[in-house]
1. What is the residue count in the range 56-99 for residues that are on the phi > 0 side of the Ramachandran plot and either assigned to a strand (DSSP E or B) or within 16 Å of the ligand (Cβ to nearest atom) (or both)?
2. Step by step: first the residues of the range 241-250, then only those that are within 16 Å of the ligand (Cβ to nearest atom) and part of a loop (DSSP other than H, G, I, E, B), then the one that is nearest to SER160 (Cα to Cα). Which residue is that?
3. From the list ALA226, ALA263, ALA219, which residue is in contact with a strand residue (DSSP E or B) (Cβ under 9 Å, 6 or more places away or on another chain) and farther than 21 Å from LYS65 by Cβ?
4. For GLN181, state whether it is polar (S, T, N, Q), touching a strand residue (DSSP E or B) at 6+ places or on another chain (Cβ under 9 Å), at pLDDT 95 or above and part of a loop (DSSP other than H, G, I, E, B).
5. Does any residue of the range 203-213 turn out to be within 23 Å of MET110 (Cα to Cα), in contact with a Leu (Cβ under 9 Å, 6 or more places away or on another chain), part of a helix (DSSP H, G or I) and within 14 Å of the ligand (Cβ to nearest atom)?
6. For the range 145-167, indicate whether the set of residues that are touching a helix residue (DSSP H, G or I) at 6+ places or on another chain (Cβ under 8 Å) and either assigned to a helix (DSSP H, G or I) or free of Cβ contacts under 8 Å to residues at least 24 places away in the same chain (or both) is non-empty.
7. Identify all residues within the range 254-270 that are aliphatic (A, V, I, L, M) and surrounded by fewer than 20 Cβ atoms within 10 Å (Cβ to Cβ); write none if there are none.
8. Name the residue that is surrounded by the most Cβ atoms within 10 Å (Cβ to Cβ), counting only residues in the range 186-202 that are within 16 Å of the ligand (Cβ to nearest atom) and over 22 Å from GLY161 (Cβ atoms).
Amino acid sequence: MKKLICIVLALCMAAALAACGGSSSSGNNSTTAANNNTASANNAPAAGTEASASGSSLTTIEAGKLTISTSPDFPPFEYTDDSGNVIGIEPELMKLICDKLGLELQIDAMDFNSALLAAENGKSDAVVSGVTVREDRKALFDFTTSYTTITQAIVSKEGSGITMENLGSYRIGVQSGTTGQEFVEEDFGQDTVFAYDTYSLVFQALNNGQVDCIVMDDAVAKAYIASNPGLTMTNTTYSPEEYAFGFHKGNEALVNAVNSALAELMADGTVDSIISKYMTE
Ligand code: ARG
């Protein structure tokens, strides 16, 4: 008799599991999946189980997780705290987006070029690394809505007198793979441009006198100047750039879901308050 009850229970569980599987694999319609996630996240923001049950209808490279690749040498957007955790505007924003979608946030740290490549090759779901939206990058990534704007700045030692007008006669340091590198190489050729994998290496080169200046995103330049006495910053005439998250191509449902979560966070002022919190720190 006991054995029979066991068999009946096992059959019931199998049926229940099959039903679950059926509903999640039928949730292929991107818009519906995105809306469902948002709705359930709103009803129960802290309810882990409910949220992850709905989040599982989104396909990611690792089920239930959103894996992002990032170069955490980019304060205030992404950097590491004393215990090696990646923090900043973008990790905080991604965490809130993941909460809304019922996904766990997985952060993979590496240099900028590798972070771009990881998303391009599907080793991460997205590159979240102060990425500027560029026409040529649109061929490699599906970008979300952009959430903030920066411009390029020149960082040099105080009193260097380096400006946009005389920039071409100096040795310029850049991070490899960045828009900063692209712009100065276009204008001045490769001979005066020195590319390094991380900003700690670029700043080391400036402090050691291996380069005369750095061309980089202004908000990040400000953060480095604040912690490197004796450096100063001046504006360039390069066009403003918009930041967005670059997703591995072809996952429309995921990008739509992230965009609706991001839209909510922009509409209710969360994005602005996170940005100003880190900018003033
Ligand atoms: N915004 C620039 C670009 O997209 C620089 C980004 C560098 N990001 C970083 N985390 N180091 O090319």
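1. Kept after step one, since they are on the phi > 0 side of the Ramachandran plot, are these residues of the range 56-99: 64, 84, 88.
Those still in the list that are either assigned to a strand (DSSP E or B) or within 16 Å of the ligand (Cβ to nearest atom) (or both) too: 88.
The qualifying residues number 1.
2. ALA244
3. Values: ALA226 fails: in contact with a strand residue (DSSP E or B) (Cβ under 9 Å, 6 or more places away or on another chain); ALA263 fails: in contact with a strand residue (DSSP E or B) (Cβ under 9 Å, 6 or more places away or on another chain).
On inspection, the qualifying residue turns out to be ALA219.
4. On the way: polar (S, T, N, Q): yes; touching a strand residue (DSSP E or B) at 6+ places or on another chain (Cβ under 9 Å): yes; at pLDDT 95 or above: yes; part of a loop (DSSP other than H, G, I, E, B): no.
When the stated conditions are applied, GLN181 does not pass them.
5. The answer is yes, given that some residue of the range 203-213 is within 23 Å of MET110 (Cα to Cα), in contact with a Leu (Cβ under 9 Å, 6 or more places away or on another chain), part of a helix (DSSP H, G or I) and within 14 Å of the ligand (Cβ to nearest atom).
6. Yes, some residue in the range 145-167 is touching a helix residue (DSSP H, G or I) at 6+ places or on another chain (Cβ under 8 Å) and either assigned to a helix (DSSP H, G or I) or free of Cβ contacts under 8 Å to residues at least 24 places away in the same chain (or both).
7. At the first step, the residues of the range 254-270 found to be aliphatic (A, V, I, L, M) are 254-255, 257-258, 261-263, 265-267.
Across the range 254-270, the qualifying residues are ALA263, LEU265, MET266, ALA267.
8. Of everything passing the filter in the range 186-202, TYR199 is surrounded by the most Cβ atoms within 10 Å (Cβ to Cβ).
The values are calculated or read from the model by the stated rules, or taken from the named source; none is laboratory data. Everything quoted here is computed from the prediction, not taken from an experiment. Heads up, the Cβs are rebuilt from the backbone with ideal geometry, glycines too, and the neighbour counts pull from every protein chain shown.
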